[in-house]
Every structure is written in C-alpha cells, then in structure tokens.
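Notes for the one structure printed next.
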Amino acid sequence: MQTPIIIATLIMGSVVAVLAALRAAQEKRKVPSLANVLGQGEPVDMRQAKLSRPWSERVMRPMLRKLYRMGRYLTPSRNIEQLQHNLIVAGLPGGLTVTDFLGLRFLMGAVFCVLAVVLMATSQPMGLTIAYSAVAFLVGLYVPNFWLRSKAQARQKAISRALPDALDMMSICVDAGLGFEAAIQKVAYQSEDVLSMEMRRVISEIRVGVPRAEALRHLADRTDVADVSSFVGVLVQADRLGVAIRNVLTAQSVQMRIQRRQRAQESAAKAPVKMMIPMVLFIFPALFAVILGPAVPRLMGMFN
C-alpha cells in the first residue's frame, strides 16, 4: 500500500521540477545578453543573475502562475473582484497578485490532499481515504483565504490605531502654517507605519495630477477602514463648502481619540466573557481535581 504513495509523490515532485526547468529555459531564451544589446563590454552571466534573486521569485512565483488556471477554475468569477479588493486591503502581502493567489490556493489544496492520502492510505479503506482527501483539498483551498483575511484585519487595525496620532500631527502642522498637502507629506515621512505608507501614495497621486478629493477617496478604498472613510468624507465635504481645514482636523482628531478609547473599553468589557471558555475547559477541571481529588477515595470507601 505504501508503494503507490511513494510513486505518486515522486511523480508529483518530478513534474514540479520539470515545470521549473522548462520555465527557466524559456526565460533564458527570451532574455538577451546585455553585451549583445549594448554591443560592448563583457557578457553578463544571466544564470548567476537569476540565482541571485530570492528563491520565492525563482521557483515559487513561476509555479504559482502555472497553477493559476486550475485555481481560476475552482474560484467563482464573482469572487475575483472581491479577492482583488482583499489583496489591496491586505497591502499585497509578499507582492502577491490575483494570479499568484489563485495558484497558491490550488497548491495548498493539492498539498493537503497529498498529506491526507499519505496519512490515511495505510490505515483506512480506499473509499474513506478518498473522502478524507477531498475534504482536505477543500480545506487547503480555503486556508489562504483565512490567511489573507487575517492579514487585512491586522492591517486595518494598525491603521485605526495610527490615525488619531496622524491627525494630531497634521493639525499641528496646519496650525504652524503648512498647507494641507505639506502637512500630509510631513506626516507621511515622519514614520514607517502602514498609514504613513498610504499617505505617501496619496502624495504621489497628487503630484502626478490626480485631484486631491479623488486621491483621498482612493485612500479610503485601499484601506477599507470606517474611520478613514469618515475622515475622507468630512475633508471632501469641507473642501467643497470652503470650511477651514484647521478646524476640521482638530475636530476629527478629538473624535478619533474618543472612538479609540471607546473601542478599548469595549474590548476590555469583552475580556471576561472570552476568558470564560479557557477557564471552564482547562482551569476549572484542574482546580476540581486538586480540591476534590483527596476526597474521592473516602467517598468510594463509604459507598462500598
């Protein structure tokens, strides 16, 4: 029973190696030598140049793009746009595109399926092994979605925490005489957190000619944070009505700090309820064993 599993694993590894080798050979034929392009100088060793790149770019990313078509078949078309939005909200972790992520989904499903077959084939009947492998494939197919959702939620939480401090600094900069774009630029290059990176992108869009209101709306769409959307809406409305930006920033910074304090109080109020589950499952049984354990032999002797 172990021989077919070993053969299947070896075949799968050989296919992956052949695909990677074909991909490398195809890229080597496509990329011309730098010496041929310039007509002078020493020839560039493209093999060493490729080997200097990270392993994920040399092996994993081409493999994921090869598996894109299979992942595309297993993903409904209505979820592609939502997947693209989730990747943007998560900050494109690892430089993943939709193509790479769909290939990653199929790869994770295949890995989980092979693991289930290897673990179950020797101890379970063939029908049960196939059922377990199908379930494992579905689980592996959706594991990247949960990972992407957790990355997006962590990034949104970091933006929500950094927003009140950024508004305070912007308000101080405006009070000091800077314009709104200069205040955003000052805050953007003051730190290296997620919100600062997004504000740098806003500044870049404004510099290339995008209207300020549209650049701010792009910020709200990329972050998908309620506080940022509210802040952008107030700024756009104040810009249309001619309200002073200084007053808007001061009011928004106070409101954001109040909301952050309220969220902290809400999380503190939920803590006892969340602590109840581990206490009931782990702490109370051990406590009962310590307190009532010595009395159990006496009670058994009395009843006997």
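Quick look at the numbers
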item: Check on A134, part of a helix (DSSP H, G or I), free of Cβ contacts under 8 Å to residues at least 40 places away in the same chain and not assigned by TED's automatic domain parsing to the domain that holds A238; result: yes
item: The one condition in (1) under 46 Å from the mean Cα position of the chain (by Cα); (2) more than 30 Å from A158 (Cβ to Cβ) that I277 fails to fulfil; result: (2)
item: Among (1) out of contact with any Lys or Arg (no Cβ under 6 Å at 6 or more places or on another chain); (2) in a loop (DSSP other than H, G, I, E, B); (3) at pLDDT 80 or above, the one test that F101 misses; result: (2)
item: Residues (farther than 22 Å from T250 by Cβ and part of a helix (DSSP H, G or I)) located in the range 154-197; result: A154, R155, Q156, K157, A158, V194, M197
item: Residue in the range 177-198 that is surrounded by fewer than 19 Cβ atoms within 10 Å (Cβ to Cβ), more than 23 Å from V89 (Cβ to Cβ) and acidic (D, E) present; result: yes
item: The range 123-136: number of residues that are surrounded by 11 or more Cβ atoms within 10 Å (Cβ to Cβ) and either out of contact with any Phe, Trp or Tyr (no Cβ under 8 Å at 6 or more places or on another chain) or over 18 Å from V111 (Cα atoms) (or both); result: 9
item: Residue satisfying condition, being at pLDDT 85 or above, over 16 Å from A183 (Cβ atoms) and surrounded by 12 or more Cβ atoms within 10 Å (Cβ to Cβ), within set A215, A226; result: A226
item: Matching residues in the range 98-120 - criterion: being small (G, A, S), farther than 21 Å from H85 by Cβ and buried (at least 20 other Cβ atoms within 10 Å of the Cβ); result: G109, A116
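The values are calculated or read from the model by the stated rules, or taken from the named source; none is laboratory data. A quick note: this is a predicted structure, and the numbers were derived from the prediction, not measured. Don't worry about glycine lacking a Cβ; one is built from the backbone with ideal geometry, like all the others, and counts go over all protein chains shown.
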